[in-house]
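The values are calculated or read from the model by the stated rules, or taken from the named source; none is laboratory data. All values reported here derive from a predicted model rather than from experimental measurement. Positions of Cβ are generated from backbone atoms using ideal geometry, with glycine treated the same way; all protein chains shown enter the neighbour counts.
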Amino acid sequence: MGFLNSLKKLLGGGAGGEASDGGMYPIYVQCRRCGEPLKGRIDLRNEPSMAEDSDNWVVRKGLMGNGENLCFQTVEIILTFDPQKKNVIDSEVIGGKLITAEEYQTLMQQRQGEENA
């Protein structure tokens, strides 16, 4: 197993499958239809494409919940990054809204509290 772990680190996979050099950009959204908080990530080394009209990078990503609410709506996220892929300069969310990591954690705790009640 040590060899496989070394190979994963060499190829950019760290703990939890995230790149150890920060090549993953986390995204958090909330579905407009059912309110479910969704979490995803963007691999900044592979997913962005050059914008047609500038030197910026664009990513389109679709997230869907687990279906517990019988809601299978895809929330589409379109992010535009600067030429260095360091900062988001524009964002659009179709079918939901962007939320922070803290809001995501709060919503998840609320949902788990409702399930346990």
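Worth pointing out:
- Members of the stretch 80-98 that are hydrophobic (A, V, I, L, M, F, W, C) and either touching a Ser or Thr at 6+ places or on another chain (Cβ under 9 Å) or exposed (fewer than 13 other Cβ atoms within 10 Å of the Cβ) (or both): 88, 89, 94, 98
- Check on residue 77, surrounded by 15 or more Cβ atoms within 10 Å (Cβ to Cβ), in contact with a strand residue (DSSP E or B) (Cβ under 7 Å, 6 or more places away or on another chain) and at pLDDT 95 or above: yes
- Of all residues in the stretch 47-63 being part of a loop (DSSP other than H, G, I, E, B) and within 14 Å of the chain's Cα centre (by Cα), the one that is surrounded by the fewest Cβ atoms within 10 Å (Cβ to Cβ): 47
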